[in-house]
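The values are calculated or read from the model by the stated rules, or taken from the named source; none is laboratory data. Predicted model only: the values in this text are computed from it and were never measured. Note that we place each Cβ from the backbone using ideal geometry, even for glycine, and neighbour counts take in every protein chain shown. Side chains included, ligands, DNA and RNA excluded: accessible areas come from the protein's heavy atoms. Shrake-Rupley method; radii C 1.70, N 1.55, O 1.52, S 1.80 Å.
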Amino acid sequence: MGLVMTLTQSSRLGLEAGCSVFLEQGLCLPYPALKASRSPGWDGLLPTLCLSLRVEFIKLASENETVNLGQGFPDFAPPDFAMEAFQHAVSGDFMLNQYTKAFGYPPLTKVLADFFGKLLGQEMEPLKNVLVTVGAYGALFTAFQALVDEGDEVIIIEPYFDCYEPMTLMAGGRPVFVPLKPSPSQDGELDYSSNWQLDPTELANKFTSRTKALVLNTPSNPLGKVFSKAELELVASLCQQHDVVCISDEVYQWLVFDGNQHISIASLPGMWERTLTIGSAGKTFSATGWKVGWVLGPDQLMKHLRTVHQNSIFHCPTQAQAAVAWSFEREQQHFGQPSSYFVQLLQATQHKRDHVTRSLQSVGLRPVIPQGSYFLITDISDFKSKMPNLPGAEDEAYDRRFVKWMIKNKGLSAIPVSIFYSVPHQKHFDHYVRFCFIKVKCRAGGGKVSSSSSRSSGKKGSTELC
């Protein structure tokens, strides 16, 4: 039995002389005196990061009468079977009001191991290969804290979900960015997220002796890109060559459109041993407020996550876990059939994507058609050329000024795409904005969108896009 934290990890968590370190089985041993250090990521850096910018635009939308297509969550009910499962968890067995196992409610870890074990081609043990977390956000944070040490490099593919950078910094790591590059398109030609690709040489050059992890997001937010098998094989080859862990954020795996296929990188040869696969019940069952997520991976990585989890969150709400377990058990019986919620949600979401795409095109915007997820980005270059001097600070990115103008003047909220890029690259991508189409209710007539919860003030139900 060995310690499950390295000396550097212990120091980063602030252990002092005389403290003890927990072992996985709950035993304690004295730890030698350490000089605790605090990552600079906690001081001064966080207020300037993209996360606070996204929150700023969400706040602005809430203060104005808008159709909010900025935030990424459904505004419709989860499926009936999931709601009934939650109600049963609350009103049924009174022991579901108490603690369950720290690393996950046993029926949930079992069904996750069974369900995803088949998809990944692995014999998964619930106690070793599954960790239930407070949402996928909690899974990501736990992974970074467990595996990234001070000075480690983490490769992040741009555009990226905006928590990856601050979580890297908070663990003491250094983000290393590599962009997806859009292929040139002809005038009038539709653009697709599949046209945005990595440069293999540029990606390979980002790997160094300090590289600890690469973060993969497929289908991706904000672009909606689904990485092809060839692209995943490139990433896998480099991770294996340089002995790098892959943190694979796959929360939108059930929302892959147009017959495209989601492939988990952990299913590729040689990748299970070095991949953490992260999922979300919120995205799976349209219940983001339940905050139930999970990490799947090999025990030699998962044991470090369990240590962080045990000494921070310790335990996730039992009733929500029970509801998710019952929902997965139901889905197992219908998986791949027309009665499957995953099939039904995919069909409905693709219809919404198509509706929003047509609406954006009808007002002169150029959407990048996503292969998956809740989101699409759209090119606002034509508006930038016609309205170059929108109000705002002189050095403020154009997409941020455009979104503020749109919120205040058109009653429509979106998120500027430049906030999903590292600072040096933001100026190259300030002519895109992101819309969340999961909330759209399709109506006859082009050029309008509506949302079930509609405007932030609850008054009106649709808006002209521009």
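Among the helices (runs of 4 or more DSSP H) confined to region 310-394, the ones with at least 1 residues that are at pLDDT below 95, in contact with a Leu (Cβ under 8 Å, 6 or more places away or on another chain) and surrounded by fewer than 17 Cβ atoms within 10 Å (Cβ to Cβ) are located at 341-362, 381-386. Within region 395-418, being in a helix (DSSP H, G or I), modelled with pLDDT under 95 and hydrophobic (A, V, I, L, M, F, W, C) holds for PHE402, VAL403, TRP405, MET406, ILE407.
For region 86-109, which positions are in a helix (DSSP H, G or I) and farther than 15 Å from GLY279 by Cα? Within region 86-109, PHE86, GLN87, HIS88, ALA89, VAL90, SER91, PHE94, MET95, LEU96, ASN97, PRO106, PRO107 qualify. Taken over region 423-466, residues that are modelled with pLDDT of 55 or more and touching a helix residue (DSSP H, G or I) at 6+ places or on another chain (Cβ under 7 Å) amount to 12. Quick one: is GLY173 modelled with pLDDT of 95 or more, in contact with an Asp or Glu (Cβ under 6 Å, 6 or more places away or on another chain) and buried (at least 23 other Cβ atoms within 10 Å of the Cβ)? Answer is yes for this residue. No other residue among ASP354, ASP299 is among the acidic types (Asp, Glu) and either free of Cβ contacts under 8 Å to residues at least 40 places away in the same chain or closer than 26 Å to GLY259 by Cα (or both) apart from ASP354. For region 116-142, the set of residues classified as under 14 Å from SER280 (Cα atoms) and either in contact with a Pro (Cβ under 9 Å, 6 or more places away or on another chain) or modelled with pLDDT under 95 (or both) consists of VAL134 only.
Considering each residue of region 156-172, count those that are in a loop (DSSP other than H, G, I, E, B) and aliphatic (A, V, I, L, M), and give that number. The number of residues fulfilling the criteria is 1.
Listed by first and then second residue, the pairs linking a residue in region 312-340 that is closer than 15 Å to GLY289 by Cα to a residue that is open to solvent by 70 Å² or more (accessible area, probe 1.4 Å) and of a type in the set (Lys, Arg), with Cβ atoms under 8 Å apart and 6 or more places separating them unless they lie on different chains, are CYS316/LYS291; PRO317/LYS291; ALA320/LYS291. Of all residues in region 110-137, which are crowded, with 17+ Cβ neighbours inside 10 Å and of a type in the set (Lys, Arg)? LYS110, LYS128 - these are the residues of region 110-137 that are crowded, with 17+ Cβ neighbours inside 10 Å and of a type in the set (Lys, Arg).
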